[in-house]
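Q: My structure is below; once you've seen it, I'll send some questions.
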Amino acid sequence: MLKGENVLLRPVEIKDVDSLYHWENDPENWLVSNTITPFSKFFLEQYVVGAQNDIYADRQLRLIIEDHEGRTCGAIDLFDFDPHHRRAGIGILIEAESRGKGLGTEALQLVIDYAANTLNLHQLHCTIDHDNERSLSLFKKMGFELSGNRKHWTWRPDGWMDEHFLQLILKKD
């Protein structure tokens, strides 16, 4: 587990299936997760049971974010893990009622430190739709730099959305 002052990051457990079910099936989250198909509880249970919680085996790592009172308030993921090139994608979800309390900032910092010091990664990257100002602000605050744009990358009912690609170089070696 990764522990900060106000958050605890822990592996996904079977007790998290209801939260995962809510997050994965919320069409608002589909806009940022490239998901368009609902997930069943059975599928999510199988995911939790089958996950080895080994980033080298799974090529991804999902951690549940708990606040200092033990409430589940989100998740943070490392994905597209590439140990040869020492990089991974990163994404974060904070439930609406937990936003604005610094939990995302602290969780992101814990995972950045873990990626740099434990996994020995060279860089992290993420993609963020150009209108997601809250996420852009968070990642830029944490040192991620805009390194590219994809024009008309994501389709939404209100039209095409550009997507930003951001990177954080962790080690200059």
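Every number here is computed from the coordinates shown, using simple stated rules; none is lab data. None of the values given here were measured: they were computed from a predicted structure. Cβ coordinates were reconstructed from backbone atoms using ideal geometry, including for glycine residues, and neighbour counts include every protein chain displayed.
Q: Considering only C-alpha atoms, what is the centroid distance from segment 66-90 to segment 128-173, in Å?
A: 17
Q: For the pair Asn120/Glu97, report the inter-label distance in nm, with labels modelled 7 Å from Cα in the Cβ direction.
A: 4.4
Q: Given a Förster distance of 25 Å, report the FRET efficiency between His152 and Arg59 from their Cβ-Cβ distance, rounded to the nearest 0.05.
A: The calculated FRET efficiency here is 0.30.
Q: Also: Can you pull the Rg over Rh of the chain, Cα-only, Kirkwood?
A: A ratio of 0.94.
Q: Here is a further query. Pulled fully out, how much extra length does the chain show between Met1 and Ile36, if you take 0.36 nm times their separation in residues and subtract their Cα-Cα distance?
A: 9.5 nm
Q: Counting other Cβ atoms within 10 Å of each Cβ, which GluC sites (Glu not before Pro) in segment 62-133 have at most 10 and sit in a DSSP loop?
A: Passing both the DSSP loop test and the Cβ count: Glu69.
Q: May I ask which of Lys3/Lys151; Lys41/Lys141; Lys101/Lys140; Lys41/Lys151; Lys15/Lys172; Lys141/Lys171 have a Cα-Cα span longer than 29 Å here?
A: Among Lys3/Lys151; Lys41/Lys141; Lys101/Lys140; Lys41/Lys151; Lys15/Lys172; Lys141/Lys171, the Cα-Cα distance tops 29 Å for Lys3/Lys151; Lys41/Lys141; Lys41/Lys151; Lys15/Lys172.
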